[in-house]
1. No solvent, one uniform scatterer per C-alpha: report log10 I(q)/I(0) for segment 67-146 via the Debye equation at q = 0.16, 0.17, 0.24 1/Å, two decimals.
2. Let me know the volume per residue of the alpha-carbon convex hull for segment 1-88, in Å³.
3. Using a Gaussian network model of the chain whose springs link C-alpha atoms within less than 10 Å, name the residue from Met14, Met84, Met33 with the highest mean-square fluctuation.
4. Counting other Cβ atoms within 10 Å, keep those with at most 13, restrict to DSSP loop, and tell me which GluC sites (Glu not before Pro) in segment 56-163 are left.
5. Given an 8 Å cut-off on Cα distances and at least 6 residues of separation, report the relative contact order of the chain as a percent.
6. Go ahead and set up a Gaussian network model of the chain, Cα springs under 10 Å, then flag whichever of Arg41, Arg75, Arg126 fluctuates most.
7. Given the options Val141, Val120, Val104, which has the most mean-square fluctuation in a GNM of the chain, springs set between C-alpha atoms less than 10 angstrom apart?
8. Pop out the carbon and sulfur fraction of the accessible area of the chain as a percent, whole number, probe 1.4 Å.
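The values are calculated or read from the model by the stated rules, or taken from the named source; none is laboratory data. Remember, it's a predicted structure, so these values are computed and weren't measured experimentally. Here the Cβ positions follow ideal geometry from the backbone for every residue, glycine too, while neighbour counts run over all protein chains shown. To get the accessible areas, we keep the full protein, side chains included, count just its heavy atoms, and leave off ligands, DNA and RNA. Shrake-Rupley method; radii C 1.70, N 1.55, O 1.52, S 1.80 Å.
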Amino acid sequence: MSDILIRAREPADMADITELLNQPRAIWGTLQMPFVSLDARQRRAASGAPGDLHLVAVIDGKAIGSASLNRFENRRAHAGSIGMAVHDAYAGRGAGSAMMASIVGQADNWLNLARLELNVWSDNTRAIALYERFGFEREGVFRNYAWRDGAYADSVAMARLRP
């Protein structure tokens, strides 16, 4: 994990992020759609909420992972939602753990968030194991949550309450 740099996402990272989110395994593991253009990703990134945190995992100058923490407002201001993906060619090298450590650290130490939540495909055992290592617990299953790869897939709702 020592060769992985975690930093804030910059506009110049969008080409690498577009590449990673167009990878077959990354598409399978997220709610992203395949074949999204760089222009579409740039427009979406530019329209994000100002309080959201967007990080990248970088190896040898290339953004190979992307993670976000989206803070809720009003009566849910104590909570945030996490999303992340890693480039297929770099999976298993520690980028997910490094991004998760940074997101959880930001939420705990700087944002005072008491609850972090996410959804993960029920058959994505590697991601579930990662989230459990960071204190996330399963809260329920959304059956037929979304259409993925020609069939409906279930999603597991997970959350971490700050100790």
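1. So the normalised log intensities work out to -0.65, -0.73, -1.28.
2. 107 Å³
3. Result: Met33 has the largest fluctuation of those listed.
4. When the GluC sites (Glu not before Pro) of segment 56-163 are filtered for loop state and at most 13 Cβ neighbours within 10 Å, Glu73 remain.
5. Reported as a whole number, the value is 20 percent.
6. Per the Cα network of the chain with a 10 Å cutoff, Arg75 tops the list.
7. Result for the chain, Cα springs under 10 Å: Val141 fluctuates most.
8. The computed percentage sits at 51.
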